[in-house]
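See structure below.
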Amino acid sequence: MGVQEPNGQGRGAARRTLLGAAVLGAGGAVLGLPGTASADERHGGGGYRGLPKPTIIGHRGASGYRPEHTFGSYQLALDLGADVVEAGDLVPTRDGHLVCRHEPEIGGTTDVAAHPEFAARRTTKVLDGVSTTGWFTEDFTLAELKTLRAVERIPANRPHNTLYNGRWEIPTFEEVLRWQDEQTRKRGKQVWIYPETKHPTYFRALGLGLEERVAKLLRRYGKDKKDSPVILQSFEPTSIQRLNKLVGNPLAVLLSGADTRPWDFVTTGDPRTVADLVTPEGLKWIASFAQGIGPTLDLVIPKDAAGKLTTPTTLVADAHHVGLVLHPYTMRNENPFLPADFRKGTDPTAYGDAFGAFKAYFATGIDGVFSDNADTALLARADFLAR
């Protein structure tokens with residue numbers, strides 16, 4: 001459909017002090033929890049706690065303005081001032097390379113359909129229980145994928161981004177790591193990235209395990225330590241547990257809707273839902289092997305039947321109590337992606353009151369947010385901290 005996605009001084013200084021104290025206090029609280037101290041010592045002592053708060057994370061780069069997961073998008077996110085760039089939803093090629101795509105199915109994010117030589121590769125697969133038709137990265141070599149070019153994923157909402165269709169190729173994770181070093185040198189400040197392992201159970205069954213490949217590349221570039229500027233994330237807790245044993249990087253568990261189950265739980269018979277994971281007991285379990293969570297914004301402030309914001313949950317306080325930072329997803333400026341009370345009209349390409357929505361979410365005490373529009377997010381943060 002395109003409009004939906006399966007998912008200073010004074011008071012300003014006081015606000016900054018309060019936010020910093022919340023993180024430091026949370027870090028202290030974790031030391032009293034069995035099993036979490038060792039995880040935090042190995043992964044949590046790094047520099048991610050020193051990032052600006054609330055941290056602005058460029059979601060797939062600056063995907064509000066450029067086709068996502070391209071160097072054009074990543075570069076613009078840095079230029080706009082993002083604190084961290086989500087450079088890499090990581091999926092494998094047939095020959096074992098990691099590339100950056102939102103999903104392994106690339107019919108909606110590349111021009112593969114315009115390549116007659118790949119027409120026979122179109123197929124239907126069951127991806128995490130969902131029948132999906134298209135072209136899949138695991139059916140292509142890296143050399144073949146490099147002949148494709150990225151296109152805008154949601155043109156119904158971002159027709160202006162289609163101007164850039166065909167301009168950039170699909171980046172590899174190794175290229176991202178080199179780009180990170182290059183940008184760090186050029187800008188004179190450390191560039192942070194926040195890659196995600198995508199569908200790790202699915203790919204492990206194909207003999208294309210993601211975590212070992214991620215760890216190998218991070219070790220090769222000296223970015224596998226607790227203070228390395230690479231935060232790793234996944235919707236599958238067992239992927240994060242596996243990474244916990246392979247690298248020292250800070251780790252985050254992504255959390256979808258409350259009534260959903262992580263796919264690794266489905267395949268192993270673990271009956272827990274996301275609702276179970278956001279209880280104090282569930283969060284304590286996550287804190288035994290991760291340093292953060294990336295919940296959907298609806299887990300922070302639920303919406304009513306009309307799509308309007310209601311009362312915030314206790315998730316922020318509960319997560320901070322066990323030492324976890326919260327980086328919810330995803331803030332976008334366009335009407336369809338905003339809570340109903342912040343929309344302006346019905347045009348699916350028009351911006352709503354994104355500043356009002358940011359204010360509501362920042363007020364909950366979240367430690368950061370993923371945003372397709374880093375410039376808007378940074379202005380909203382400045383407004384919030386100046387109050």
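The values are calculated or read from the model by the stated rules, or taken from the named source; none is laboratory data. These numbers come from a predicted model, not from an experiment. Virtual Cβ from ideal backbone geometry, glycine too; neighbours counted across all protein chains shown. With ligands, DNA and RNA removed, areas are computed over all heavy atoms of the protein, side chains included. Shrake-Rupley method; radii C 1.70, N 1.55, O 1.52, S 1.80 Å.
With N set to the number of residues, divide the alpha-carbon radius of gyration of segment 334-387 by 2.2 N^0.38 Å and report two decimals. Present the calculation step by step, with values, prior to reporting the outcome.
Working: Rg = 11.2 Å, N = 54, 2.2 N^0.38 = 10.0 Å.
In units of the globular-protein estimate, segment 334-387 measures up at 1.11.
Once a ≥ b ≥ c are taken as the square roots of the eigenvalues of the Cα gyration tensor of segment 96-140, is the result rounded (a/c under 1.5), prolate (a/b larger than b/c) or oblate (a/b not larger than b/c)?
Numbers: a/c = 1.64, a/b = 1.18, b/c = 1.40.
Because a/c hits 1.5 or more and a/b fails to exceed b/c, segment 96-140 counts as oblate.
What shape does segment 165-244 have by the C-alpha gyration tensor, where a ≥ b ≥ c are the square roots of the eigenvalues, rounded means a/c under 1.5, and otherwise prolate means a/b greater than b/c and oblate the rest? Display every interim value, and only then the final one.
Details: a/c = 2.22, a/b = 1.39, b/c = 1.59.
The shape class here is oblate.
When the Karplus curve 6.51 cos²θ - 1.76 cosθ + 1.60 is applied with θ = phi - 60°, which whole-Hz ³J(HN,Hα) does each residue of segment 98-106 get, with x for Gly and Pro?
For segment 98-106, the Karplus-derived couplings read 9, 10, 9, 9, 4, 9, x, 6, 10 Hz, x marking Gly and Pro.
Just want the answer: with Cβ charges of +1 for Lys and Arg and -1 for Asp and Glu, which residue in 173, 163, 123 is farthest toward the dipole's positive end in segment 104-182?
163
Determine the alpha carbon to alpha carbon distance for each of 53/146; 186/284; 303/344; 53/216 and list only those over 29 Å. Kindly include the intermediate steps, with their values, before the conclusion.
Numbers: 53/146 37 Å; 186/284 40 Å; 303/344 17 Å; 53/216 31 Å.
Checking Cα-Cα distances, 53/146; 186/284; 53/216 exceed 29 Å.
Considering only protein heavy atoms, what per residue accessible area in square angstrom results for the chain with a 1.4 angstrom probe? Please report the intermediate quantities before stating the final value.
Values: 15260 Å² over 387 residues.
Ligands and nucleic acids excluded, the result is 39 Å² per residue.
Classify segment 115-217: rounded, prolate or oblate, from the alpha-carbon gyration tensor (a ≥ b ≥ c, eigenvalue square roots; a/c under 1.5 rounded; otherwise prolate if a/b is larger than b/c)?
Working: a/c = 1.86, a/b = 1.22, b/c = 1.53.
Oblate, because a/c is 1.5 or more while a/b does not exceed b/c.
Highest first, please rank the peptides 59-65, 306-312, 348-354 by the mean number of other Cβ atoms sitting within 10 Å of their residues.
Details: 59-65: 27.0, 306-312: 12.9, 348-354: 18.3.
Top to bottom by mean Cβ count within 10 Å: 59-65, 348-354, 306-312.
Using the Kirkwood formula on the Cα atoms of the chain, what hydrodynamic radius do you get, in angstrom to one decimal? Write down the numbers at each step before the final one.
On the way: mean 1/r = 0.0473 Å⁻¹.
Hydrodynamic radius (Kirkwood, Cα only) of the chain equals 21.1 Å.
In the chain, what % of DSSP beta bridges are antiparallel (nearest 5)?
Values: 13 of 37 bridges.
Percent antiparallel among DSSP bridges in the chain is about 35.
Show that you can apply the helix-only estimate: for the chain, add -39,500 (n - 2.57) for every DSSP H stretch of four or more residues, divide by all residues, and state [θ] at 222 nm to the nearest 500. Present the calculation step by step, with values, prior to reporting the outcome.
Details: 15 runs with 132 residues, N = 387.
It lands at -9500 deg cm²/dmol.
Take the alpha-carbon positions of segment 192-315, form their convex hull, and give its projected area averaged over all directions (one quarter of the hull surface) in nm².
Working: hull surface 34.4 nm².
Dividing the Cα hull surface by four gives the mean projection, 8.6 nm².
From the residues 251, 310, 280, which one has its Cα farthest along the dipole of segment 244-314 in the positive direction, the dipole being from +1 and -1 charges on Cβ of Lys/Arg and Asp/Glu about the Cα centre?
Positive-end residue among those listed: 251.
Given a 1.4 angstrom probe, I'd like the percentage of the accessible area of the chain that is carbon and sulfur, rounded to a whole number.
Working: 8330 of 15260 Å².
Reported share for carbon and sulfur atoms: 55 percent.
Mind checking the dipole of the chain: about its Cα centre, +1 per Lys or Arg Cβ, -1 per Asp or Glu Cβ, Debye to the nearest 20? Don't jump to the answer; show the numbers that get you there.
Values: 45 positive and 45 negative charges, 195 e Å.
Dipole size: approximately 940 debye.
For Cα pairs less than 8 Å apart in space and 6+ apart in sequence, what is the mean separation divided by the residue count of segment 144-232, i.e. the relative contact order in percent? Present the calculation step by step, with values, prior to reporting the outcome.
Numbers: 67 pairs, mean separation 19.8, N = 89.
In percent, rounded to a whole number, it is 22.
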